[in-house]
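Asker: Following this message is one structure expressed as C-alpha cells.
What follows draws every value from the coordinates through simple rules; no lab data is involved. Please read all numbers here as calculations on a predicted model, not as lab measurements. Here the Cβ positions follow ideal geometry from the backbone for every residue, glycine too, while neighbour counts run over all protein chains shown.
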Amino acid sequence: MMPSLTPGMTSSRTELPSVGDASGLEPDPRIYPEELQLAFRNHSLVLEGLRYDRTPTGMHYTLTHYDVPYVDVATWQLSVGGLVDRSLSLNLADLQRRSTRTLRMTMQCAGDGRGLLRPRPVAQPWLVGAVGTADWTGTPLRGVLHEAGLMSGAQEVLFTGLDRGIEADVEQDYQRSLPLGEALRDDVLLAWSMNDAPLEPQHGAPVRLLVPGWYGMAHVKWLRSIEVLAEPYTGYQNARAYRYSQTREEAGEPVSLMRVRSLMIPPGIPDFLSRTRLVRRGPVELRGRAWSGRSAIVRVEVSTNGGAAWHAAELEPPSSMHAWQSWSFEWHATQPGMHELCCRATDAAGECQPTEAYWTARGMGNNEVHRVQVIVD
Ligand SMILES: Nc1nc2c(c(=O)[nH]1)N[C@H]1C(S)=C(S)[C@@H](COP(=O)(O)O)O[C@H]1N2
Ligand SMILES: [Mo]
C-alpha cells in the first residue's frame, strides 16, 4: 500500500515513479511519503497566524510545483512579446521606474482542503491554511502592455516562470495565461516587494504576477516572459491541472476566482499531537478571517455543536478591497466535554460554505466549513 520513492530512477521519463492508482485518487486516509515530502516543501499558514491582518512573510503559505529557481537579479530580464507592436526587454530598475502601487491582498491556493477529501486526490495534501495576506508592491501590468502596444486579435496573455519540471509526463515551464480583460485590470501587478521588502526567493523573486481575487496558481512567480496570444492557451496548468471536474479525464470548468471561505483561530491551548484544544469553562472569544475572490463577505456564522445550530458572528470591514475580513464571536462555554466549533461565510453573491466537502477529482476549491475540536474543562 505504501510505495516508496525509488532512488536513482532518472534514466527515462517512462520510469518516473507514480503514487496511488491511475485515477490519482486514494480511499485510504493515510498519506504517502511523497505527499509528506511535498507538505514539507510547501507549508501552510499556522492557524494562530490568522491573528495578523498582514501575515508575517515567514508565516505566509508557499506553494512551488517544481524547484525554487536561483535567479541573479543583476542579469534578470523580463521579455514582453507576441502580438505586440514592439517587444520589450525590461530589467528590475526599468520596472521600478514606472508608476508603483501597493495593495494588501489575500491569496489562497486552490488546492487548500484537498487532504480532507475522501477519496483523496494525491497531490500536495493541504489540510487548511494555504492562505495568507500581504502588502504587495509593483507596477500595473497594463502600463507595460500598453507600452508594448497590443495588436488587434490579442486575446490572452501568457506568463512564464523560470522554473521547469514534469507533471503528468509533460515536461514544462510553469506557465499560466489570463484572458486579456483580466490582464488589463488596473490592480494586476508585476510585483517586486512583499511586506515592504524585496520578494523572497520562495515567493517569486525578483518579480511575480499578482492577480487579486484569483486563486494562487494565477500569480506566476519568477517571471521571465509575457507573451500576448491570439488564442486561448492550452498548456497543462490551464487546460488540465486547475479544473473543477469529477474525473481527471473530464475537462471541467477552469479554476479562477477564490470561492467563499472562512477560518477560525483555534481557541485555548492545543494537545501537541492531535491539536485538539483545551478551553476553560466561561466566555471564550472566537476569532477568524473570511474572504472571497468573487464578491464581498456579507455574513459569518459560528456553530459550537458541529453545525447543528448557527449563530451570527460580528464582521469587521476589510482593511483593503482584496484582503480578508476579521470576524469574532463570544462563546459561553458552559458544558464540559467535547465540542466541535465550526465557521462558515456567505458572500454577496449568496454563496455559502458547504457543510460537506466540495469534492473534485483534482481537489480544487474545497471550501467546506472549518471545524475545530475543543474540550471544555
Ligand atoms: N513560477 C511559478 N509560479 C507559481 C507557482 C509555481 O509553482 N511556479 N505556484 C503557484 C501556486 S499553485 C500558488 S498557490 C502560488 C503560491 O504563491 P506563494 O508561494 O508566494 O504563496 O504561486 C503560484 N505561482
Ligand atoms: Mo496553488
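Asker: Among 231-243, 270-282, how do they line up from the highest to the lowest mean number of other beta-carbon atoms within 10 Å?
Answerer: Details: 231-243: 17.0, 270-282: 12.0.
Ranking the peptides 231-243, 270-282 by packing returns 231-243, 270-282.
Asker: So if I take the centroid of the Cα atoms in segment 87-121 and the same for segment 342-362, what is the distance between those two points in Å?
Answerer: 23 Å
Asker: Still on this structure, I have one more. Tell me the volume per residue, in Å³, of the convex hull enclosing the alpha carbons of segment 220-283.
Answerer: Details: hull volume 14.5 nm³, N = 64.
Spelled out: Cα convex hull of segment 220-283, divided by residues, is 227 Å³.
Asker: Further question on the same structure: In debye, nearest 20: dipole of segment 239-284 around its Cα centre with unit charges on the Cβ of K, R (+) and D, E (-)? Spell out each step's value before the answer.
Answerer: Numbers: 9 positive and 4 negative charges, 62 e Å.
Value, rounded to 20: 300 debye.
Asker: How much length is gained on full extension from Asp28 to Glu356, taking 0.36 nm per residue of separation minus their Cα-Cα distance?
Answerer: Between Asp28 and Glu356, full extension yields an extra 116.2 nm.
Asker: Once fully extended, how much extra length lies between Asp53 and Glu253, figured as 0.36 nm per residue of separation less the alpha-carbon to alpha-carbon distance?
Answerer: Extra length available between Asp53 and Glu253 comes to 68.8 nm.
Asker: Moving to a separate point now. Apply 1/(1 + (r/R0)^6) to the Cβ-Cβ distance of Tyr66 and Ile375, taking R0 = 45 Å, and write down the FRET efficiency to the nearest 0.05.
Answerer: Values: r = 42 Å, r/R0 = 0.94.
It comes out at approximately 0.60.
Asker: Give me the one-decimal Kirkwood hydrodynamic radius in Å for segment 245-377, with the sum taken over alpha-carbon pairs.
Answerer: Kirkwood hydrodynamic radius for segment 245-377: 15.9 Å.
Asker: List, largest first, the extents of the alpha carbons of segment 276-341 along their principal axes, each in whole Å.
Answerer: Principal-axis extents of the Cα atoms in segment 276-341, largest first: 41, 21, 20 Å.
Asker: Only Cα pairs within less than 10 Å get springs; with that Gaussian network setup on the chain, which residue of Trp331, Trp359, Trp222 has the largest fluctuation?
Answerer: For the chain, modelled as a Gaussian network with Cα springs under 10 Å, the answer is Trp331.
Asker: Continuing with the same structure: Which order do the peptides 79-89, 208-218 take when ranked by the mean count of other beta-carbon atoms within 10 Å per residue, highest first?
Answerer: Numbers: 79-89: 14.9, 208-218: 23.2.
Top of the packing list down: 208-218, 79-89.
Asker: So what is the calculated 222 nm ellipticity per residue for the chain, using -39500 (n - 2.57) for each DSSP H run with n of 4 or more, over all residues, to the nearest 500 deg cm²/dmol? It would help to have the intermediate numbers written out before the result.
Answerer: Values: 4 runs with 26 residues, N = 377.
Computed ellipticity for the chain at 222 nm equals -1500 deg cm²/dmol.
Asker: Here is a further query. Putting +1 on Lys and Arg Cβ atoms and -1 on Asp and Glu Cβ atoms, find which of Val144, Tyr61, Met217 reaches farthest to the positive end of the dipole of the chain.
Answerer: So the residue we want is Tyr61.
Asker: Please state, rounded to one decimal and in Å, the Kirkwood hydrodynamic radius that the chain gives when every pair of distinct Cα atoms enters the mean of 1/r. If you can, show how the numbers build up before the last one.
Answerer: Numbers: mean 1/r = 0.0456 Å⁻¹.
Result for the chain stands at 21.9 Å.
Asker: Quick one: give the max-minus-min coordinate of the C-alpha atoms of segment 186-305 along each principal axis, largest first, in Å.
Answerer: Answer, in whole Å and largest first: 63, 41, 33 Å.
Asker: Using the C-alpha atoms of segment 54-100, what convex hull volume per residue, in cubic angstrom, is computed?
Answerer: About 174 Å³ per residue, rounded to a whole number.
Asker: Sort largest first and round to whole Å: the equivalent ellipsoid semi-axes of segment 137-194, each the square root of five times a Cα gyration tensor eigenvalue. Write out the running numbers ahead of the final one.
Answerer: Numbers: eigenvalues 116, 54, 16 Å².
Whole-Å semi-axes of the equivalent ellipsoid: 24, 16, 9.
Asker: How big is segment 102-169 in terms of Cα radius of gyration and Dmax, in angstroms?
Answerer: Calculated on Cα positions, Rg and Dmax stand at 17.7, 49 Å.
Asker: Please work out how much length the chain gains when fully extended from Met151 to Leu180, using 0.36 nm per residue of separation minus the C-alpha to C-alpha distance, in nm with one decimal. Provide the component values of the computation, followed by the final result.
Answerer: On the way: separation 29, 0.36 × 29 = 10.44 nm, distance 1.18 nm.
Here the segment from Met151 to Leu180 would lengthen by 9.3 nm.
Asker: Turning to a different aspect of this structure: Place the peptides 332-340, 349-357, 364-372, 185-193 in order of packing, highest mean first, counting for every residue the other Cβ atoms within 10 Å and averaging per peptide.
Answerer: On the way: 332-340: 12.7, 349-357: 14.2, 364-372: 22.2, 185-193: 20.2.
For the peptides 332-340, 349-357, 364-372, 185-193, the packing ranking is 364-372, 185-193, 349-357, 332-340.
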